[in-house]
Amino acid sequence: MQRPEAKNILIIKHGAFGDIIQVEGAVHDVRLNYPAARITVMTSPPFHKIFARCPWIDDIFLDARPPRWRLDRMWALRRRLRAQPFDFVVDFQNNERTAFYFNHLFPPVAWSGKVKGASHRRYTEDPKQIQGLPRFATQLRDAGLEVRHAGAPDVSWMAEDVSAILDRAGVRPGYIVLIPGCSAKHPQKRWPYYAELAGNLHAAGHQTVTVPGPDELELCRALPSIMLTGEHYLDWFKLAGVLKGAAFVIGNDTGPSHLAAHLGARGFGLFGSHLGAERTGIVTGRFGALQAEKLADLSAEEVFTQVMRKLEQAG
């Protein structure tokens with residue numbers, strides 16, 4: 001399929017955090033294919049600050065995603081969209097909401113996505129089998145775009161200098177970051193043995209660090225680790241700085257683990273049978289995964305052994 005000509009491009013990606021991190025390479029590819037175009041991203045308010053720093057984006061279109069039965073708000077969103085000169089939409093969200101937007105809110109426009117009727121539809125024999133990073137690359141190729149970075153996001157631009165925070169907390173180079181939390185909606189993703197792992201690492205002479213969110217304080221306080229919160233909770237950019245400087249990162253299937261993977265950090269995610277690690281896009285050259293049918297069957301001793309082996313291999 002031939003790539004559409006475009007001067008004003010809208011990329012749609014509402015969330016969630018891990019998906020925002022994963023789509024960075026694909027957004028980079030859109031920029032490289034259209035170096036002179038004005039590129040706007042439609043996202044939800046929690047991710048405004050991330051896209052505001054993204055070097056491939058010119059503008060942000062905030063969408064609070066009101067209920068579709070709120071016809072007044074849908075009509076207001078329709079007016080906002082039709083007032084913009086978008087000539088190409090790249091829908092990386094690809095869900096029922098954005099299909100509704102395509103059918104009812106946008107004027108006729110070149111559209112890349114899986115919605116029926118899109119001019120540059122994402123064609124695959126079985127789209128459900130294409131998950132993780134390959135789905136972004138497939139979508140761009142099906143729209144006629146050249147793909148270079150979609151399979152390898154690099155969010156190094158998110159990492160802030162956190163040396164002062166680490167110094168105040170007494171954190172030495174070579175520290176290991178533990179990410180014991182995840183969304184409360186997915187308790188099956190929480191590996192239960194971080195306290196034992198932290199104890200083993202401490203006994204082996206390694207400092208461990210946690211960077212909790214507001215709902216993870218008690219979880220992190222239970223670990224024999226240095227908890228970094230600062231005067232306030234560390235934001236995404238300071239979290240990225242901590243992860244980028246770590247010797248190793250161990251985390252659940254959650255956004256900060258995906259952030260670590262695409263910062264180029266060394267480490268691995270811990271997965272149960274809820275989803276294959278390869279399908280999440282978290283596996284990179286330096287970041288891997290340990291998986292068991294049930295997370296509780298993955299022992300602290302086994303994870304500790306794997307960490308020590310990886311650290312030895314890294315020198």
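Please treat every number below as a calculation from the coordinates, not as lab data. In this text, all values refer to a predicted model and were calculated from it rather than measured experimentally. All Cβ positions, glycine included, derive from the backbone under ideal geometry; neighbour counts span all protein chains shown.
For the reader, a short list of remarks on this structure follows.
- Equivalent ellipsoid, the stretch 1-68 (semi-axes from 5 times Cα gyration tensor eigenvalues, Å): 21, 13, 11
- Taken as Cα centroids, the stretch 35-88 and the stretch 225-269 sit 28 Å apart, rounded to the nearest whole angstrom.
- With the Kirkwood sum run over all distinct C-alpha pairs, the stretch 221-315 has a hydrodynamic radius of 14.2 Å.
- GNM remark for the chain: springs join alpha carbons under 10 Å apart, and the peak mean-square fluctuation among Arg172, Arg68, Arg38 falls on Arg68.
- Phe106, Phe287 arranged by Cβ crowding within 10 Å, fewest neighbours leading: Phe106, Phe287
- For the chain, modelled as a GNM whose springs connect Cα atoms under 10 angstrom apart, the maximal fluctuation among Lys238, Lys185, Lys116 occurs at Lys185.
- Tilt relative to the chain, helix 24-33 - C-alpha long axis, 0 to 90 degrees, to 10: 40 degrees
- Reported label for calculated semi-axes √(5λ) of the Cα gyration tensor in Å given [x] 29, 25, 18; [y] 38, 20, 18; [z] 33, 25, 19: [y]
- Compared with the dominant Cα axis of the chain, that is its longest principal axis, helix 300-313 is turned about 80°.
- Here Ile60, Ile250, Ile12 are placed in order of increasing Cβ neighbour count within 10 Å, fewest first, which gives Ile60, Ile12, Ile250.
- Selected from Gly15, Gly267, Gly285 as most flexible by GNM, with the chain as the system and alpha-carbon contacts under 10 Å: Gly285
- Computed extension gain for Ala296 through Asp235, at 0.36 nm per residue and net of the alpha carbon distance, reaches 18.9 nm.
- Rg/Rh for the stretch 157-313 (Cα atoms only, Rh after Kirkwood) is 0.92.
- When each of Leu270, Leu166 is scored by the number of other beta-carbon atoms lying within 10 Å, the sequence from fewest to most is Leu166, Leu270.
- Principal-axis analysis of the Cα atoms of the chain puts helix 71-82 at an angle of about 80° to the longest axis.
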